[in-house]
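Engineer: Pasting a structure here, questions to come.
Quick note: the coordinates plus some simple rules give every number you see, no bench work behind them. All values reported here derive from a predicted model rather than from experimental measurement. Note that we place each Cβ from the backbone using ideal geometry, even for glycine, and neighbour counts take in every protein chain shown.
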Amino acid sequence: MSKTKRQRAISDALGALIPHVPFLDAAEIRSKANQQHLRHLPAHIAVLLATTSYVRHQYTDYDDLLEDGLDRDAARYCVADEMEATITSWGGTITADELLAAPSGSGEHDQ
């Protein structure tokens, strides 16, 4: 099956941003980055936002912190270092400060 130009751009951006991301995680991030609400963004920005959302919800206790009553900004602050460690382990160079600066609304789960 042939990829669209957008899908190729997303795959290329993902490879450049986090080159050693596990296959299943990469598939989920690519899927998120290709969602309609991110299509107006350049591929590398869509991948950045999709990655931050995915890692936040799948690799941290962010959702538990929200359920415990922390507001979104406080919960994001609490998990930023853990997110950075996960992304770094995948060969990425996104820092906790950059993660905290990323705009919200990057994924369907973001609250």
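Engineer: Can you tell me which condition residue 77 does not meet? The list is (1) among the aromatic types (Phe, Trp, Tyr); (2) without any contact (Cβ under 8 Å) to a residue 24 or more places away in the chain; (3) touching a Ser or Thr at 6+ places or on another chain (Cβ under 6 Å), and all the others hold.
Structural biologist: Answer for residue 77: the failing condition is (3).
Engineer: Please specify each residue of the range 1-51 satisfying the condition of being touching a Ser or Thr at 6+ places or on another chain (Cβ under 6 Å) and among the hydroxyl-bearing types (Ser, Thr, Tyr).
Structural biologist: Matches in the range 1-51: none.
Engineer: Filter the range 43-74 for residues that are hydrophobic (A, V, I, L, M, F, W, C), touching a residue at least 12 places away in the same chain (Cβ under 8 Å) and more than 27 Å from residue 13 (Cβ to Cβ); which is surrounded by the fewest Cβ atoms within 10 Å (Cβ to Cβ)?
Structural biologist: Here the residue is 66.
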